[in-house]
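Nothing in this text is a laboratory measurement; each read-out follows from the coordinates by a stated rule. All of these numbers come straight from a predicted model, not from anything done at the bench. As a convention, Cβ positions derive from the backbone with ideal geometry for all residues, glycine included, and neighbour counts pool all protein chains shown.
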Amino acid sequence: MTRRELLKTTELFLLDLDGTVYLGEEPIGAMRETLSSLRGMGKRLVFLTNNSSRTEEEYREKLKRIGLWGEGDDVFTSGSAAIGYFHEHLPNARVFLLATDSVKESFRREGICLNEEDPDVCLVAYDTELTFEKMRRFDAFLRNGVRFFATHPDDVCPAPDGSAPDVGSFLALFERSSGRRPELIFGKPFSEMGKGLERRYGVPREKMCMAGDRMHTDIRFANANGMRSILVLSGETTEESRKHFPDVPDLILPDLNHIFDED
């Protein structure tokens, strides 16, 4: 697929964050101008992340601070996908949410009943405020057979000193301690994220394009959900490492700023 064909057929661009539009606190190259040009073409931009340690509002504030936010943009996290699922399928569920305080508060604002005494569902998010006591109580409910969900599967999260344990690492711990694996995972590359995006934006998946730097989450998510995809080589994946994955992107770019280059 050419750049021109992809731009013509895409209504909604799903943009991964770290490694795709910024690195830490710095936009990648001329990213402000690139995103502005996409908006000028009438494209909708949704910043899409598996990282459920922050709320949508916290991500909006960062994107505004570094100059990447624009009118009509939105943020969608794996936590957003979980909230949408509860509203549609389990509206009255009592949820033990292993998460940061700000994320817990965002679930409450959305009408999710959080309950750590008698839950129907245990949901593990990326709790960067994790304590042993939280983990112990969560594990006890898993061993008693309470339903088990997770926001996303990533083993590690990018960090200034390399990486930090992410939800996938938590899941490995709980599997060893309780013998349980989650029955449902919401984030990329799984289908609940795709369903959640369709619910919120009303755009068919074939008119969405996922741009990201990870083959096993971003590109696999697009392929599994019938979306277009752009692999950018500005983050985790290199030209060499991508060859070790079965997933095939529609375009491969050095970074997203090259989307307007001539084919």
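Which numbered condition trips up PHE138, out of (1) under 30 Å from GLU25 (Cβ atoms); (2) touching a Cys at 6+ places or on another chain (Cβ under 7 Å); (3) of a type in the set (Phe, Trp, Tyr)?
Unmet for PHE138, out of (1) under 30 Å from GLU25 (Cβ atoms); (2) touching a Cys at 6+ places or on another chain (Cβ under 7 Å); (3) of a type in the set (Phe, Trp, Tyr): (1).
Give region 208-263 a look and list any residue that's among the small types (Gly, Ala, Ser) and within 23 Å of ARG4 (Cβ to Cβ), or say none. So that I can check it myself, show each step before the final result.
Start the filter on region 208-263 by keeping residues that are among the small types (Gly, Ala, Ser), which leaves 211-212, 222, 224, 226, 229, 234-235, 241.
Within region 208-263, ALA211, GLY212, ALA222, GLY226, SER229, SER234 meet the criteria.
For residues that are part of a helix (DSSP H, G or I) and more than 12 Å from the chain's Cα centre (by Cα), scanning just region 53-70, find the one that is surrounded by the fewest Cβ atoms within 10 Å (Cβ to Cβ). It would help to see each step written out before you state the result.
Initial filter on region 53-70 (part of a helix (DSSP H, G or I)): 56-65.
Filter once more, so that each one left must be more than 12 Å from the chain's Cα centre (by Cα): 57-58, 60-65.
Values: GLU57: 12, GLU58: 16, ARG60: 16, GLU61: 12, LYS62: 17, LEU63: 22, LYS64: 12, ARG65: 10.
My answer is ARG65.
Just give me the residues in region 144-187 being of a type in the set (D, E, K, R) and assigned to a strand (DSSP E or B), in sequence order. Steps first, answer last, please.
Start the filter on region 144-187 by keeping residues that are of a type in the set (D, E, K, R), which leaves 147, 154-155, 161, 166, 175-176, 180-181, 183.
Correct list: ARG147 only.
Give just the number: which of (1) surrounded by fewer than 18 Cβ atoms within 10 Å (Cβ to Cβ); (2) touching a strand residue (DSSP E or B) at 6+ places or on another chain (Cβ under 7 Å) does ASP161 not satisfy?
(2)
Of the residues in region 71-106, how many are farther than 11 Å from THR151 by Cβ, touching a strand residue (DSSP E or B) at 6+ places or on another chain (Cβ under 8 Å) and outside any loop (DSSP other than H, G, I, E, B)?
From region 71-106, those farther than 11 Å from THR151 by Cβ are 71-76, 84, 86-96, 100-102, 104-106; that's our starting set.
Add one more test, that the residue is touching a strand residue (DSSP E or B) at 6+ places or on another chain (Cβ under 8 Å), and what stays is 72-76, 86, 90, 92-96, 104.
Those still in the list that are outside any loop (DSSP other than H, G, I, E, B) too: 74-76, 86, 94-96, 104.
Number satisfying all stated conditions: 8.
I'd like to check something: does region 130-150 contain any residue that is in contact (Cβ under 8 Å) with a residue 12 or more places away in the chain and among the hydroxyl-bearing types (Ser, Thr, Tyr)?
The initial filter retains those residues of region 130-150 that are in contact (Cβ under 8 Å) with a residue 12 or more places away in the chain, namely 130, 134-135, 137-139, 141-143, 146-150.
Imposing the further condition that a residue be among the hydroxyl-bearing types (Ser, Thr, Tyr) reduces the set to none.
So far as region 130-150 goes, no, none of its residues is in contact (Cβ under 8 Å) with a residue 12 or more places away in the chain and among the hydroxyl-bearing types (Ser, Thr, Tyr).
Out of region 1-11, which residues are surrounded by fewer than 20 Cβ atoms within 10 Å (Cβ to Cβ) and in contact (Cβ under 8 Å) with a residue 40 or more places away in the chain? I'd like the intermediate steps shown before the answer.
Taking region 1-11 as the starting set, the residues that turn out to be surrounded by fewer than 20 Cβ atoms within 10 Å (Cβ to Cβ) are 1-9, 11.
Selection gives MET1, THR2, ARG3, ARG4, LEU6, LEU7, THR9, GLU11.
Just to be sure, is ASP101 surrounded by fewer than 18 Cβ atoms within 10 Å (Cβ to Cβ) and in contact (Cβ under 8 Å) with a residue 12 or more places away in the chain? Outline the logic, then answer.
Values: surrounded by fewer than 18 Cβ atoms within 10 Å (Cβ to Cβ): yes; in contact (Cβ under 8 Å) with a residue 12 or more places away in the chain: yes.
When the stated conditions are applied, ASP101 passes them.
Just to verify a result, which residue in region 193-216, among those that are assigned to a loop (DSSP other than H, G, I, E, B) and under 16 Å from the mean Cα position of the chain (by Cα), is surrounded by the fewest Cβ atoms within 10 Å (Cβ to Cβ)?
That would be ARG214.
Among the residues of region 22-43, which ones are within 17 Å of the chain's Cα centre (by Cα) and not aliphatic (A, V, I, L, M)? First the steps, then the outcome.
If we filter region 22-43 for residues that are within 17 Å of the chain's Cα centre (by Cα), which is where we start, we get 22-24.
Within region 22-43, TYR22, GLY24 meet the criteria.
Okay, residues lined up against (1) aliphatic (A, V, I, L, M); (2) in a helix (DSSP H, G or I); (3) out of contact with any Phe, Trp or Tyr (no Cβ under 6 Å at 6 or more places or on another chain):
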site	(1), (2), (3)
LEU123	yes, no, no
TYR126	no, no, yes
ARG136	no, yes, yes
ALA140	yes, yes, yes
PRO189	no, no, no
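Being among the small types (Gly, Ala, Ser) and either surrounded by fewer than 19 Cβ atoms within 10 Å (Cβ to Cβ) or touching a Cys at 6+ places or on another chain (Cβ under 6 Å) (or both) is the filter here; which residues of region 217-263 pass it? Explain how you work it out, then say what you get.
Looking only at region 217-263, we keep the residues that are among the small types (Gly, Ala, Ser), and these are 222, 224, 226, 229, 234-235, 241.
Hits for region 217-263 are ALA224, GLY226, SER241.
Filter region 29-52 down to residues that are in a loop (DSSP other than H, G, I, E, B) and surrounded by fewer than 22 Cβ atoms within 10 Å (Cβ to Cβ), then give me how many there are. Give the steps one after another, and end with the answer.
Taking region 29-52 first, the residues in a loop (DSSP other than H, G, I, E, B) are 29-30, 41-43, 50-52.
Keeping just the survivors that are surrounded by fewer than 22 Cβ atoms within 10 Å (Cβ to Cβ) gives 29-30, 41-43.
Residues meeting the conditions: 5.
Step by step: first the residues of region 226-248, then only those that are polar (S, T, N, Q) and not in a strand (DSSP E or B), then the one that is farthest from GLY212 (Cα to Cα). Which residue is that?
Filtering region 226-248 down to residues polar (S, T, N, Q) leaves 229, 234, 237-238, 241.
Then drop every residue that is not not in a strand (DSSP E or B), which leaves 234, 237-238, 241.
Details: SER234: 9, THR237: 9, THR238: 12, SER241: 15 Å.
Filtering first and then ranking leaves SER241.
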